Structures are given as structure tokens and as C-alpha cells.
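What follows is a single structure, written as C-alpha cells, with notes after it.
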Amino acid sequence: MHIQVYPEYYNGELQREGVEIYGKLTSDGKSRMSLSVNGRVQISYDKIHNDGNNKAGDLDQEIDVFVIDKTAIGLVCCMDVNNPPLLMSVKNKLDASGATNKVICISAYMSSNWFKGEILSPDLRGYLVVMSNGNPDGVDSFIAGADGITLVGLRMNIGNLSFINNGCA
């Protein structure tokens, strides 16, 4: 099954087939990150940080993960990667899922000063990371292994699942 990961503020058409992860502005100006299966939202949350393009989401939102084929997927929207309580909540939910593989998907519109180098910060190690960036002048989109080292390419296969990063390279 294909898992399409799109950037934050994604304005393109969704396929409404398989798993799609994306960030879009809501009618009330919040940036909502969602995971949909065949067009139906399964999990979502509103980005907590205000980046100047969105209204801040509530601090006390329910954070959940989605499990498919022994793989748990957690969502982090852009700047929220620097929100320790939110990131810890996502990691705790991933760890409690019982899944063999744990993936943090980040939909972003990040400048070039994020994620410098080929090794991720220690707070993301132990998890596979798919970062889909929509800013063509920003940091390149990437996929990183649980060791924190970025992989070559924007695809990653885990068993029957194929993660496809649709961000800027």
C-alpha cells in the first residue's frame, strides 16, 4: 500500500486512495495535519505553533497514532517538531502502539535553517522520519532511518507499505 506524505499548506488534489498525510489550512485559519485512508480522515491535530500563516492550535489536543501492517505512524506539523511536550506525546503513543516499526511524518513549510546536516537531532532517533517540505527555497525533504541518518531518495519500503515523500527535493 502506498503512503503519500505531502507538505504543510498543501493545495493540490488528494488521490483519496490509500493513505495520505498532509497539512492544510482550516476554515478558521488553523494548520491541520491529517492522515486519511481512502479519503476518510483517521487521525489529525491542529499545529500548535503559529508561524505567521496560521492560528495556533489548542495545547490540550488529543494526539493519536495510526497503525497499519505492524507500522505505527505519528504526525508532527512543521515547527511543532520543536515542541517537546507534543513530540514526547507522539513518541509515547508510538512506543505504546506495540508496532514493530514507528514512523514520525512531518508535513512542513520550513526555511533552509532547519535539519542541517545528514544526521537528525537525538530527540528523533529511534524512529523512522519522513519530512515533506513544501518550501522550494527551504531545507530539502528527506527520509531518515531510526539511526537518525538521512537516506538517499524520497521513498521507503517497510514490508507491504511504500512511503512516498511528495515534498521539495
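The values are calculated or read from the model by the stated rules, or taken from the named source; none is laboratory data. Predicted, not measured: the structure shown is a model, and the values here were computed from it. Because the Cβ atoms are built from the backbone with ideal geometry, glycine has one as well, and the counts that use them run over all protein chains shown.
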In segment 132-169, anything in a loop (DSSP other than H, G, I, E, B) and either in contact with a Lys or Arg (Cβ under 6 Å, 6 or more places away or on another chain) or hydrophobic (A, V, I, L, M, F, W, C) (or both) is listed as Val139, Ala146, Gly148, Leu151, Val152, Leu154, Cys168, Ala169
Find the residue count for segment 99-119, including only residues that are more than 21 Å from Ile68 (Cα to Cα) and either buried (at least 22 other Cβ atoms within 10 Å of the Cβ) or touching a Cys at 6+ places or on another chain (Cβ under 6 Å) (or both).
4
Subset of segment 78-120 [assigned to a strand (DSSP E or B), touching a helix residue (DSSP H, G or I) at 6+ places or on another chain (Cβ under 9 Å) and either modelled with pLDDT under 90 or farther than 17 Å from Val19 by Cα (or both)]:
Ala108
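Here's the yes/no breakdown for (1) out of contact with any strand residue (DSSP E or B) (no Cβ under 7 Å at 6 or more places or on another chain); (2) not β-branched (Val, Ile, Thr):
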site	(1), (2)
Thr71	no, no
Gly74	no, yes
Met79	yes, yes
Pro85	yes, yes
Val90	no, no
Ser97	no, yes
Ser107	no, yes
Met110	no, yes
Ser121	yes, yes
Kindly establish whether Lys91 is more than 11 Å from the chain's Cα centre (by Cα), of a type in the set (Lys, Arg) and surrounded by 19 or more Cβ atoms within 10 Å (Cβ to Cβ).
yes
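Mind telling me which of the residues Asp58, Asp51 ends up being acidic (Asp, Glu), more than 17 Å from Ile106 (Cα to Cα) and part of a loop (DSSP other than H, G, I, E, B)?
Asp58
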Those residues of segment 127-152 which are over 18 Å from Ile73 (Cβ atoms), among the small types (Gly, Ala, Ser) and surrounded by fewer than 19 Cβ atoms within 10 Å (Cβ to Cβ) amount to Gly148
Any idea which of Leu25, Leu87, Leu35 is closer than 14 Å to Leu124 by Cα, in contact (Cβ under 8 Å) with a residue 12 or more places away in the chain and hydrophobic (A, V, I, L, M, F, W, C)?
Leu87
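Looking at Ile119, Ile149, Ile73, Ile158, which one is among the aliphatic types (A, V, I, L, M), closer than 20 Å to Met1 by Cβ and out of contact with any Phe, Trp or Tyr (no Cβ under 9 Å at 6 or more places or on another chain)?
It is Ile158.
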